[in-house]
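Asks: Right, I'll just put the structure down here and ask away after.
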Amino acid sequence: MPVQTSRRPQSLEPGAPGRVPPIIPTQPGAGGRGTGGAKKKRRKDPLWARLTLIFGAVLMMTSGLAIVGSKAVIGQATGNIAQRNLLGDAGKTDAEGGNSLDGPIDMLLLGVDARARWAADDVRSDTIIILHIPASHDQAYLISIPRDTEAQIPAFEKSGYKGGTDKINAAFQAGARNGGGWEGGAQLMAKTIKKMTGISFDGAAIINFGGFKNVIDALGTVRICVSHEVPSHHMSIVDGKPMWNADAKKTGKPMKPVVHKKGCKEMEGWEALDYARQRYGLPNSDYDRQQNQQQLIKAMAKKATESGTLSNPIKLNALIKAAGKAFVLDTGGVPIDDFIYTMKGVNGNDLTTLRTNGGTYATAASGRESLNELSMEMFRAVKEDKLAEFVVANPSVLSTRK
């Protein structure tokens, strides 16, 4: 039997040709890597190419609108977004399609809430989302993995982690410690998820929620429908301005609680992100938060495709600049413009959000969350590229958020 080798390239040394400068917010740089080339040559510069760069989640949803000078725009995006090897050996092997984009595309999206006062190697990824695009490249699905899911985290030599059983969000921290950095954290998370679900990945993105606010601000606002009224656990209003509670207390001034009231409204960046962070006070805690985060990603994609942002060079430049500060990206050695062009048939309305465990608790004997059998079947459907059929047969996995 032939050996299945990984198509993941090795990290390049700093300053190596083809490497994007390290622009990773709030943490020390880690080894980068070259862009490499796709197995099958693709047209890279159609002037009518459609582009949405919202890696949050995400990622690229096309607009259906022409972009002036799209080749230059894509080149700028490549230069602004830090690229790293985030997958390690959890990338697709040659037997699974390697770095060809002809088949289904699976990406790992990790959200970190890193703040300047926190140590770079002491960050957990509480947002864990799998983006699946079927081989038809005309639809996209978001599936969240609960942060408290019990997982067997493999040993990881880069950070000295010996392996063990823990909540899955601890995998990022275990990979980042001892100099592993965000690159190591993402690699160990990807390895843990592959071990749990069998899914290998074409790419990955780390989203720094602090920078993500600026992406929303570049869009103006996003329309969010709040399903359950919830007070903010993190922010208050002081002198009419939102502040972190820790910073608000230092002012000694009156603090007005931020309360996200039920109903639909246009939200600014700080408000939308604060709402998407909440889990305390929600009926299903982290499960509700997962759906709210998916809702936010979909709202951003829709706003970008419907507001004219992508056909306005000034607005588009502001969006790309903000994205470059919010994301760390791995496209598996495929040039970003190829990645974008491959997904040109997907738009914001084609983004389907799915939920694990029926959107509620599935607590194991250990007290941690587990993935029920239906959820594991859903991940098998992702691996086999049969997710559309699975969703039709099991509509209960659809998110209840609009």
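Asks: Placing +1 on the Cβ of each Lys and Arg and -1 on the Cβ of each Asp and Glu in region 148-304, which of 258, 197, 214 has its Cα farthest towards the positive end of the resulting dipole?
Replies: Working it through, the farthest residue towards the positive pole turns out to be 258.
Asks: Using amide H atoms built in the peptide plane, which far-off residues or other-chain residues are under 5 Å from residue 161 H to H?
Replies: Those lying under 5 Å, H to H, from residue 161 are 156.
Asks: Roll a 1.4 Å probe over the protein heavy atoms and report the accessible area of residue 361 in Å², nearest 10.
Replies: Looks like 120 Å² after rounding.
Asks: Give the value in nm², to one decimal: projected area of the alpha carbon convex hull of region 205-289, averaged over all directions.
Replies: Values: hull surface 24.8 nm².
Result: 6.2 nm².
Asks: Okay, next question. Can you give the three extents of the C-alpha atoms in region 160-305 along their principal axes, from longest to shortest, in whole Å?
Replies: 48, 40, 31
Asks: Same structure, new question: Report the label-to-label distance for residue 95 and residue 317 in nanometres (one decimal), using points 7 Å from each Cα along the Cα→Cβ vector.
Replies: The answer from the label model is 5.0 nm.
Asks: May I pose another question? With a 1.4 Å probe and all protein chains kept in place, how do 107, 243, 255 rank by accessible area, largest first? Write down the numbers at each step before the final one.
Replies: Numbers: 107 0, 243 50, 255 75 Å².
Putting 107, 243, 255 in descending order of accessible area: 255, 243, 107.
Asks: What is the distance, in nm, between label points placed 7 Å from the Cα along the Cα-to-Cβ direction at residue 135 and at residue 255?
Replies: Spacing of the two 7 Å Cα→Cβ label points: 5.5 nm.
Asks: Cut-off under 14 Å on the C-alpha distance; same-chain residues fewer than 8 positions from residue 241 excluded. Which aspartates and glutamates are left, in chain and number order?
Replies: 268, 271, 274
Asks: What spacing in nm lies between the two simple spin-label points modelled at residue 166 and residue 237, each 7 Å away from Cα in the Cβ direction?
Replies: Roughly 4.0 nm, to one decimal.
Asks: May I pose another question? May I have the convex hull volume per residue, in Å³, for the Cα set of region 215-259?
Replies: On the way: hull volume 4.4 nm³, N = 45.
Given the Cα convex hull of region 215-259, per-residue volume reads 97 Å³.
Asks: From the cross-link list 162/191; 162/195; 213/315; 253/325; 265/402; 213/321, which pairs have alpha carbons spaced over 20 Å apart?
Replies: Working: 162/191 14 Å; 162/195 16 Å; 213/315 16 Å; 253/325 32 Å; 265/402 13 Å; 213/321 13 Å.
Flagged as over cut-off: 253/325.
Asks: Just by accessible area at a 1.4 angstrom probe, what is the order of 143, 237 from largest to smallest? Before the final figure, lay out each step's value.
Replies: On the way: 143 0, 237 35 Å².
Correct descending sequence by accessible area is 237, 143.
Asks: So how do 186-196, 387-397 stack up, highest first, on mean other-Cβ count within 10 Å? Write down the numbers at each step before the final one.
Replies: Details: 186-196: 24.6, 387-397: 14.5.
Ranked from most to least packed, the peptides come out as 186-196, 387-397.
Asks: Which sequence of 377, 384 reflects their accessible areas, 1.4 Å probe, from the largest down?
Replies: Details: 377 75, 384 110 Å².
Sorted by accessible area, descending: 384, 377.
The values are calculated or read from the model by the stated rules, or taken from the named source; none is laboratory data. Values in this document were obtained by computation on a predicted structure and should not be read as measured data. As a convention, Cβ positions derive from the backbone with ideal geometry for all residues, glycine included, and neighbour counts pool all protein chains shown. Ligands, DNA and RNA are excluded from the accessible area calculation, which covers all protein heavy atoms including side chains. Shrake-Rupley method; radii C 1.70, N 1.55, O 1.52, S 1.80 Å.
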